Amino acid sequence: MASRETELHQLLSDSVLDMDEDRVRDYADEVVAEGYDAYNAIDKGLADGMDRAGRLFEDGEYFVPELIICSDAMYRGLEILKPHLAREDGARKVKAVIGVIEGDTHDIGKNLVRILTEAGGFEMIDLGRDVPPLTFVERAEAEDADLILISTLMTTTMPGMARVIELLGERGSRGRFKVMVGGGPVSPAFARKIGADGYARNAAEAVRVAKALAGIEVDAQ
């Protein structure tokens with residue numbers, strides 16, 4: 001029999017998928033009241049619901065209005081759960097710049113990655129969405145970052161990811177940074193093709209990959 005915590009993960013996921021902001025609020029409140037892990041509730045509940053909504057969108061069952069309402073429900077849950085994330089405090093604070101590549105304004109996935117990596121002890125510099133390749137490079141250099149995290153949900157903007165890596169090479173700073181890419185149309189094969197150091201298919205995996213790239217011991221999950 002599933003535990004109540006596991007049930008809440010499923011209920012949160014279902015409620016996001018069903019675009020039910022009130023139910024998301026109630027279940028997120030219960031997670032907090034019962035002292036359950038907020039990180040898992042976000043990962044296995046809210047993020048899972050958005051992943052499912054994204055698949056329905058790809059299948060033509062959901063459209064942009066449905067995705068927007070799903071994201072509103074997810075963000076309502078995040079408002080409640082984010083203050084209760086247990087933060088890892090290490091001796092060395094790994095710094096990363098993160099953003100959505102130029103031409104794309106879809107930032108739900110990027111925002112989830114930022115929230116969960118911050119909870120994992122990273123210092124995140126959020127560049128936002130529709131970010132030119134040169135901005136990724138210049139900010140990473142200016143901030144003396146360790147990692148560059150780039151996302152997109154559009155195949156048409158994927159060449160911009162490759163351009164970031166090209167620019168690093170042209171400026172002689174490729175060796176300074178680990179570059180991770182992700183997003184709906186991005187694949188491990190594409191990441192290898194453009195010379196990225198890492199790829200993640202979702203927010204929780206992004207945290208594990210980022211830690212590995214930064215040389216931080218990753219807990220088995």
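Using Stokes-Einstein with the Kirkwood hydrodynamic radius over Cα pairs, what translational diffusion coefficient do you get for the range 95-213 at 20 °C and a viscosity of 1.002 mPa s, in µm²/s rounded to a whole number?
Details: Rh = 13.5 Å.
Answer, rounded: 158 µm²/s.
Evaluate the Debye formula for the chain with equal point scatterers sitting on the alpha carbons, no solvent, and hand back log10 of I(q)/I(0) at q = 0.15 Å⁻¹, in q order, two decimals.
-0.96
May I ask which residue of Asn40, Leu112, Ile148 lies farthest towards the positive end of the charge dipole of the chain, with charges of +1 (Lys, Arg) and -1 (Asp, Glu) on Cβ and the Cα centre as origin?
The one lying farthest along the dipole's positive direction is Ile148.
Treating the beta-carbon of each Lys and Arg as +1 and of each Asp and Glu as -1, no other charges, what is the dipole magnitude of the chain about its Cα centre, to the nearest 20 debye?
Details: 26 positive and 41 negative charges, 227 e Å.
The calculation lands at about 1080 debye.
Every number in this text was worked out from the coordinates using simple rules, so none of it is lab data. Owing to the predicted nature of the structure, the values given are computational and were not obtained by experimental measurement. When we count neighbours, we look across all protein chains shown, and the Cβ atoms used for this are built from the backbone with ideal geometry, even at glycine.
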